[in-house]
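Here is the structure we will look at.
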Amino acid sequence: MADTANPTSTPSGGTTRRDFLDLVTWSTLAVGTAAVVWPLIDQMNPSADVLALSSIEVDLSQVPVGQAVTVKWRGKPVFIRHRTEEEIKEAEAVPLGELRDPQTDEQRVKKPEWLVVIGVCTHLGCVPLGNKPGEPRGDYGGWFCPCHGSHYDTSGRIRKGPAPLNLTVPDYAFLTDTSVRIG
Amino acid sequence: MAADVPNPVFKSGVLRWIDDRLPLISWSYKEFVAYPAPKNLNYFWNFGSLAGIMLALQIVTGIVLAMHYTPHVLHAFDSVEHIMRDVNYGWLLRYAHANGASMFFIVVYIHIFRGLYYGSYKAPRELLWMLGVIILLLMMATAFMGYVLPWGQMSFWGATVITNLFSAIPFVGDPIVTWLWGGFSVDNPTLNRFFSLHYLLPFVIFAVVFLHILALHQFGSNNPVGIDLTKKDKIPFHPYYTVKDLFGLTIFLIFFSFFIFFAPNYLGHPDNYIPANPLSTPAHIVPEWYFLPFYAILRSMIYEQLFTPLSFLAWFGISAKLAGVLAMFGSIACLLVVSWLDTSKVRSATFRPIYKWVFWLLVIDCIVLTWVGGQVPTRGVVWIGQFATLYYFLHFLVILPLLGKLERPLPLPASIDEPVLGRRGVAAQPAE
């Protein structure tokens, strides 16, 4: 492009000084527009105080086998379930071929007796039922989403209904045997 | 626009002086007073002006409600109760606004089906029709965001479900949802922006309505006979249609008032009188009635039962969830391009012996979808929903294109007088 500024160029020679000016004008305009528009778009992304949400610690010693708790993390419910022996066996026995989003139970837990998942249906974001005693747990003994009828198993994996993915496992770490930090 | 209408002559010198410099009065005169309208319009043509009146009512009641409402998660629910209990006539304004949204949709849906029956979308009115579909989309966005503002359980979970639709978009879905929310779930930033947009969009609708009328007046209204008209087939809008529209409006306002004063919560959902709780989804989430057909289409897209054969789509990375979203938007896209899907040159269904029936099947199909959208998705309901969804798309994508080729329309009358006065018209057969 160096010779585009050459005043002796003619239209028949391909590029003229005017072409160069056009190019510079339009590129400046494009970059300028983008620079003005981006703040208007980005202001809708999570603000600093929302991003600064800390992690939470949960005491698990009060959760008996077969029951579960719901804790709030980043505005969303997290399900922590103290699974029974049968539930663990059931989750481990499922052949991967049967799963829509194939994951072994091992990949989804740090300690088999504790299942920690984000309690948000991967279909359209409802909170599935089954974490409280008496709520329907669906056909696979895990959770049942009332909105559009997705069934999750005892490993939080999608088994039936419209949801495409398993319940998300958040980042977490066991601090002691009965205490866990999420986030 | 109405070019064959002469400019008004003003007696007042002041008006003449103003109109010379700013021809707003003569423009309004030409478009809304002298505008030549077909003389054979039936009552289904009332619904266009009714829709315009509903838009104005919603803007007026909405602006005054905004004077008392607080868009904050801690105060929104209480401020709506404050409007209901403490603000002078607050109950009336809120009930008029909430039921007004339903009335607006009733009017617009009848307006749309009127257009479908009489072929109002056909050349040369394609852009007029498409602008109408854009108004429908804007109305849906506005109504959806308005329903979130009271911050009840249905507000919150409706917002969660609908914003999550965007997570179905491959790759960029999740960042888009986070961007829409302004966080990691529906929360205060979401409520704030929804309030801002709920206030903005009606004015955008107003602007598109202006374009809709601009396009309408380019060729003039379609009519029940559906043939092109000449000047002698038309009468001035005022007083003929101003009076007819006013009469229709009176009847409609009685209907509207019944809901405001006797069944103000009939069209709403009781769960929305429970404050939003992000940790507990109501057992049965349903959108407002006017979204139910689309919601039914969304929910019907599971690769099971009737749609088991669609599971091949999963190989192309189209999950059932994405398919549901595509089908839902596709149902409106069908409306948007119906001018080209319908291959028949004959506008009015009166002269299309088969389409006349197919039209009513579509109406029934939409009623079935509305019912399905409000039900718990049990196996039987899913079957019905899937058949109804399939038929909806068959109507637009298969039946309409084929029917234009296969159907033999009845002979069109030479003028709109003919169906009334007989083939030989006024001169030979005087009315007795």
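The values are calculated or read from the model by the stated rules, or taken from the named source; none is laboratory data. Predicted, not measured: the structure shown is a model, and the values here were computed from it. Don't worry about glycine lacking a Cβ; one is built from the backbone with ideal geometry, like all the others, and counts go over all protein chains shown.
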(message) Please verify whether B:Pro270 is in the same structural domain as B:Cys366 (by TED's automatic domain parsing), at pLDDT below 95, farther than 22 Å from A:Gly138 by Cβ and surrounded by fewer than 20 Cβ atoms within 10 Å (Cβ to Cβ), treating the condition exactly as stated.
(response) no
(message) Suppose we filter B:Val225, B:Val172, B:Val209, B:Val177 for residues that are within 14 Å of chain A (Cβ to nearest Cβ) and crowded, with 18+ Cβ neighbours inside 10 Å; which single one remains?
(response) B:Val177
(request) Find the residue count for the stretch B:374-396, including only residues that are in a helix (DSSP H, G or I), at pLDDT below 95 and surrounded by 21 or more Cβ atoms within 10 Å (Cβ to Cβ). (result) 1
(message) Regarding the stretch B:311-330, can at least one residue be identified that is farther than 30 Å from B:Val172 by Cβ and either surrounded by 14 or more Cβ atoms within 10 Å (Cβ to Cβ) or out of contact with any strand residue (DSSP E or B) (no Cβ under 9 Å at 6 or more places or on another chain) (or both)?
(response) no
(message) Exactly one condition in (1) surrounded by 21 or more Cβ atoms within 10 Å (Cβ to Cβ); (2) at pLDDT below 90; (3) of a type in the set (Lys, Arg) is false for A:Lys132; which is it?
(response) (1)
(message) Under 8 Å between Cβ atoms, which residue pairs at least 6 apart in sequence (or on different chains) link something in the stretch B:5-30 that is free of Cβ contacts under 8 Å to residues at least 40 places away in the same chain with a partner that is surrounded by 11 or more Cβ atoms within 10 Å (Cβ to Cβ) and among the charged types (D, E, K, R)?
(response) B:Val5/B:Lys30; B:Asn7/B:Lys30; B:Pro8/B:Lys30; B:Phe10/B:Arg16; B:Phe10/B:Asp19; B:Ile25/B:Asp19; B:Ser26/B:Asp19
(request) Considering every residue within the stretch B:115-126, establish whether at least one is surrounded by fewer than 21 Cβ atoms within 10 Å (Cβ to Cβ), of a type in the set (Asp, Glu) and either free of Cβ contacts under 8 Å to residues at least 24 places away in the same chain or assigned by TED's automatic domain parsing to the domain that holds B:Val337 (or both). (result) no
(message) Go through the stretch B:212-222 and report how many residues are assigned to a loop (DSSP other than H, G, I, E, B) and either in contact with a strand residue (DSSP E or B) (Cβ under 6 Å, 6 or more places away or on another chain) or surrounded by fewer than 17 Cβ atoms within 10 Å (Cβ to Cβ) (or both).
(response) 1
(request) Just need a number here: residues in the stretch B:280-292 that are in contact with a Gly (Cβ under 8 Å, 6 or more places away or on another chain), modelled with pLDDT under 95 and surrounded by fewer than 20 Cβ atoms within 10 Å (Cβ to Cβ). (result) 1
(request) Only residues that are free of Cβ contacts under 8 Å to residues at least 40 places away in the same chain, among the aliphatic types (A, V, I, L, M) and either in contact with a Phe, Trp or Tyr (Cβ under 9 Å, 6 or more places away or on another chain) or not assigned by TED's automatic domain parsing to the domain that holds A:Lys72 (or both): list them for the stretch A:115-134, please. (result) A:Leu129
(request) Look through the stretch B:180-192, keep the residues that are in contact (Cβ under 8 Å) with a residue 12 or more places away in the chain and out of contact with any His (no Cβ under 9 Å at 6 or more places or on another chain), and return whichever of them is nearest to the other protein chains (Cβ to nearest Cβ). (result) B:Ser185
(message) Need a quick list: helices (runs of 4 or more DSSP H) entirely within the stretch B:1-91 having at least 2 residues that are on the phi < 0 side of the Ramachandran plot, assigned by TED's automatic domain parsing to the domain that holds B:Ser257 and within 24 Å of the chain's Cα centre (by Cα).
(response) B:24-32, B:46-66
(request) Taking the residues in the stretch A:142-183 that are part of a strand (DSSP E or B), touching a residue at least 60 places away in the same chain (Cβ under 8 Å) and not aliphatic (A, V, I, L, M) as candidates, determine which candidate is nearest to B:Pro287 (Cα to Cα). (result) A:Trp143
(request) Under 9 Å between Cβ atoms, at least 6 apart or on separate chains: pull out the pairs that start in the stretch B:364-380 with a residue that is more than 18 Å from B:Phe113 (Cα to Cα) and end on any residue that is of a type in the set (Lys, Arg). (result) B:Val372/B:Arg299; B:Gly373/B:Arg299; B:Pro377/B:Arg299
(request) Would you check which residues across the stretch B:296-325 are touching a residue at least 12 places away in the same chain (Cβ under 8 Å) and more than 13 Å from chain A (Cβ to nearest Cβ) and list them? (result) B:Leu306
(request) Tell me, yes or no, whether the stretch B:152-160 has at least one residue that is of a type in the set (Phe, Trp, Tyr) and more than 13 Å from chain A (Cβ to nearest Cβ). (result) no
(message) For the stretch B:31-52, which positions are of a type in the set (Ser, Thr, Tyr) and modelled with pLDDT under 95?
(response) B:Tyr35
(message) Take residues that are acidic (Asp, Glu) and over 30 Å from B:Ser280 (Cβ atoms) and tell me which of the helices (runs of 4 or more DSSP H) falling wholly in the stretch A:7-112 contain 3 or more.
(response) A:17-42
(request) Scan the stretch A:154-168 residue by residue and report those that are hydroxyl-bearing (Ser, Thr, Tyr), buried (at least 24 other Cβ atoms within 10 Å of the Cβ) and within 12 Å of chain B (Cβ to nearest Cβ). (result) none
(request) Look at A:Asp49 and say whether it is loosely packed, with under 11 Cβ neighbours inside 10 Å, at pLDDT below 90, within 14 Å of another protein chain (Cβ to nearest Cβ) and more than 23 Å from A:Thr178 (Cα to Cα). (result) yes
